[in-house]
Amino acid sequence: PRGYAPLRVEGGSVAGFALEVSSVEVRSLQRTIRTFGVVTFDETRTSHVHPKVRGTLESVSANFVGKMVKQGEHLAEIYSPAVYAAQLELVAVLKQGRGSGDPLVESVRRRLQLWDVPTSQIERIVQNQKAARTFTLLAPRSGTVLARQALNGMYVAPETELVVVSDLSVVWVLIDLYEGDLPLVRAGTAVKLTIEGVPKVREGQVAFLPPSIDESTRTLKARVVLANEEGNLRPGAFVQATLVVDLGTSLVVPAQAVIRAGTRNLVFVVSGEHVEPREVQLGASTR
């Protein structure tokens, strides 16, 4: 290029200057990204349980974090004046001779269902024509109790989170990716994960890259989904992650051979006793 003239070494060779010379080669390139992450629960397999009415908790069965529950299992009994009044209303209209299919009966039944009164309990009220003091709150899914606020005698309202139940047979690993690495990573990129407390290195793939970056850390939380049949992947566990990214095939020069001069990048081409500067355009770095 204009402005760069070759140098001629008089009276000797380039080797006499103790210069290290490397060949320009065509290679298949890979970039290794090492980062950190954390195990967390699968949000799509997690339920936050709230009551639909105001009332008082009685006979709480989900009484410790870590308890396994099955879908439809008893979580707690709730005394709610609103639910009790609706049951009395249902009993009254039934005693008037109205039966299933009557608009008034179906209206009260629907109201009880929307408050999460179990269908089996509603059917007992219809059959016995007797209101129950409390109704049973059932587990919406099978899983492990991850968080619990429910206590016997506690007053609750719709904004009260009673328990969090998650199916831990599948977990997420959220790994930090810096902005500079994002162009190299996509859904399907292979990941090796070393998880604290788990002797075996787990392998997975990036399943999802969220659309936004955390402004405080300048990182993005990439998601890896792992099966957890043995139950030894615990939410909160620290993770070391390694991603090996294929950069394709390209001409390669050592990083130390490049002289960065402002907006230009230069290398020196050695031919016999001539050393000629050449301006180059850099691609991806494997460092």
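The values are calculated or read from the model by the stated rules, or taken from the named source; none is laboratory data. Because the structure is a prediction, the values reported are computed rather than measured. Using ideal geometry, Cβ is built from the backbone for each residue, glycine included, and neighbour counts are taken over all protein chains shown. To get the accessible areas, we keep the full protein, side chains included, count just its heavy atoms, and leave off ligands, DNA and RNA. Shrake-Rupley method; radii C 1.70, N 1.55, O 1.52, S 1.80 Å.
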Which residues, counting only those in segment 99-112, are surrounded by 13 or more Cβ atoms within 10 Å (Cβ to Cβ) and under 21 Å from Gly55 (Cβ atoms)? Val108, Arg109, Arg111, Leu112
Report, by residue number, each residue of segment 19-68 that is of a type in the set (Lys, Arg), more than 30 Å from Ala86 (Cβ to Cβ) and in contact with a helix residue (DSSP H, G or I) (Cβ under 9 Å, 6 or more places away or on another chain). Arg31
How many residues does segment 98-147 contain that are out of contact with any Phe, Trp or Tyr (no Cβ under 9 Å at 6 or more places or on another chain), in a loop (DSSP other than H, G, I, E, B), of a type outside the set (Lys, Arg) and within 24 Å of Val165 (Cβ to Cβ)? 3
Condition check for Glu230: acidic (Asp, Glu) and out of contact with any strand residue (DSSP E or B) (no Cβ under 9 Å at 6 or more places or on another chain): yes
So, of the residues in segment 128-147 that are among the small types (Gly, Ala, Ser) and under 20 Å from Leu114 (Cα atoms), which turns out to be least open to solvent (accessible area, probe 1.4 Å)? Ala139
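Just the residues that are assigned to a helix (DSSP H, G or I) and crowded, with 16+ Cβ neighbours inside 10 Å, please, taken from segment 148-183.
Asp181
Okay, residues lined up against (1) closer than 22 Å to Val39 by Cα; (2) among the aliphatic types (A, V, I, L, M); (3) free of Cβ contacts under 8 Å to residues at least 12 places away in the same chain:
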{"position": "Arg148", "(1), (2), (3)": "yes, no, no"}
{"position": "Leu151", "(1), (2), (3)": "no, yes, no"}
{"position": "Tyr155", "(1), (2), (3)": "no, no, no"}
{"position": "Val164", "(1), (2), (3)": "yes, yes, no"}
{"position": "Thr189", "(1), (2), (3)": "yes, no, no"}
{"position": "Ile195", "(1), (2), (3)": "yes, yes, no"}
{"position": "Val198", "(1), (2), (3)": "yes, yes, no"}
{"position": "Gln205", "(1), (2), (3)": "yes, no, no"}
Members of segment 84-98 that are of a type outside the set (A, V, I, L, M) and open to solvent by less than 20 Å² (accessible area, probe 1.4 Å): Gln87
Which of the residues belonging to segment 184-208 are touching a Ser or Thr at 6+ places or on another chain (Cβ under 6 Å) and not in a loop (DSSP other than H, G, I, E, B)? Lys192, Val206
Within the group Leu209, Leu243, which residue is closer than 30 Å to Ser22 by Cβ and of a type in the set (A, V, I, L, M)? Leu243
